[in-house]
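The values are calculated or read from the model by the stated rules, or taken from the named source; none is laboratory data. If you're wondering where the values come from, they're calculated on a predicted model, not measured in any experiment. FYI the Cβ positions are ideal-geometry reconstructions off the backbone, even for glycines, and counts take in every protein chain you see. Surface areas here come from the heavy atoms of the whole protein model, side chains and all, with no ligands, DNA or RNA. Shrake-Rupley method; radii C 1.70, N 1.55, O 1.52, S 1.80 Å.
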Amino acid sequence: QVQLVESGGGLVQPGGSLRLSCAASGRIASEAMGWFRQAPGKEREFVAGISSGGGTITYAGSVKGRFTISRDNAKNTVYLQMDSLKPEDTAVYSCAVKTLGISYFNPRNYVTWGQGTQVTVSQ
């Protein structure tokens, strides 16, 4: 079972950008992947998902047009480019391997999770 390590989080001002990376310890070329986030006191929320070859991409409505998910299967890495950040984007962001079901939105369809990286959007 692969392990996932997220990086790239930090403190950024509203309107700023961050690029998150999710590095896998093994091959993920045949796996769909997703990014989720969880703010304090809130449930885990789907952010973005990408199919194994990158041909299918899905975003939550709250981030569509601002965030971009991509992957480099040669590097076993998935990225989340976040632009025009807002304070409400503040959360711990985690990546996960999707192996079950059809929906990218359901966290139960993911079986392997990283520890997460903190993103804070504030003045």
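Kindly indicate the residue of the range 73-103 that is open to solvent by less than 20 Å² (accessible area, probe 1.4 Å) and small (Gly, Ala, Ser) and also nearest to Thr56 (Cα to Cα) among those meeting that condition. So, considering only residues that are open to solvent by less than 20 Å² (accessible area, probe 1.4 Å) and small (Gly, Ala, Ser), the one nearest to Thr56 (Cα to Cα) is Ala96.
Would you check if Gly41 is small (Gly, Ala, Ser), outside any helix (DSSP H, G or I) and touching a Cys at 6+ places or on another chain (Cβ under 9 Å)? Answer is no for this residue. One residue stands out in the range 37-53 among those that are surrounded by 15 or more Cβ atoms within 10 Å (Cβ to Cβ) and small (Gly, Ala, Ser): the one that is farthest from the chain's Cα centre (by Cα), namely Ser52.
Asn109 passes every criterion in (1) within 20 Å of Gln1 (Cα to Cα); (2) open to solvent by 30 Å² or more (accessible area, probe 1.4 Å) apart from (2).
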